[in-house]
Amino acid sequence: MSRPQRPERPAAETVIPEAASCAANLGPRQSARRFRSGLLMLGAALVGVVILVLRDEPAATRIALFPVWWAGMVGILQARRKT
């Protein structure tokens, strides 16, 4: 026996609009604080990568800075979207 087919839903019903799924919960001061901390993390990651490249460290060592870069990007994106 085969399973009964489910009717397909239109794409508009399954997608939640961005404005409805994300409420702003950061004030202007907290948003600016997250943006600054994100820039600081990105700057630290950039300086670290430059130092490791100049010292001719292997790529496996440079990947250790990925979490710093990631945290910086998350901070900047949260500040921009005020979430």
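Each row is one residue, and each column tells you yes or no for (1) outside any helix (DSSP H, G or I); (2) under 11 Å from the mean Cα position of the chain (by Cα).
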| position | (1), (2) |
| --- | --- |
| 47 | no, no |
| 53 | no, no |
| 61 | no, no |
| 66 | no, no |
| 71 | no, yes |
| 74 | no, yes |
| 77 | no, yes |
| 83 | yes, no |
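On inspection, residue 38 fails the criterion of being surrounded by 12 or more Cβ atoms within 10 Å (Cβ to Cβ), over 15 Å from the mean Cα position of the chain (by Cα), outside any loop (DSSP other than H, G, I, E, B) and not charged (D, E, K, R). Pairs linking a residue in the stretch 30-53 that is in contact (Cβ under 8 Å) with a residue 40 or more places away in the chain to a residue that is β-branched (Val, Ile, Thr), with Cβ atoms under 7 Å and 6 or more positions apart or on different chains, are 35/76; 38/76.
Hey, any hits in the stretch 45-63 for a residue that's in contact with a Ser or Thr (Cβ under 9 Å, 6 or more places away or on another chain), surrounded by 12 or more Cβ atoms within 10 Å (Cβ to Cβ) and at pLDDT 90 or above? Taking every residue of the stretch 45-63 in turn, at least one turns out to be in contact with a Ser or Thr (Cβ under 9 Å, 6 or more places away or on another chain), surrounded by 12 or more Cβ atoms within 10 Å (Cβ to Cβ) and at pLDDT 90 or above.
The values are calculated or read from the model by the stated rules, or taken from the named source; none is laboratory data. What you are looking at is a predicted structure, and each value in this text was computed from that prediction instead of being measured. Heads up, the Cβs are rebuilt from the backbone with ideal geometry, glycines too, and the neighbour counts pull from every protein chain shown.
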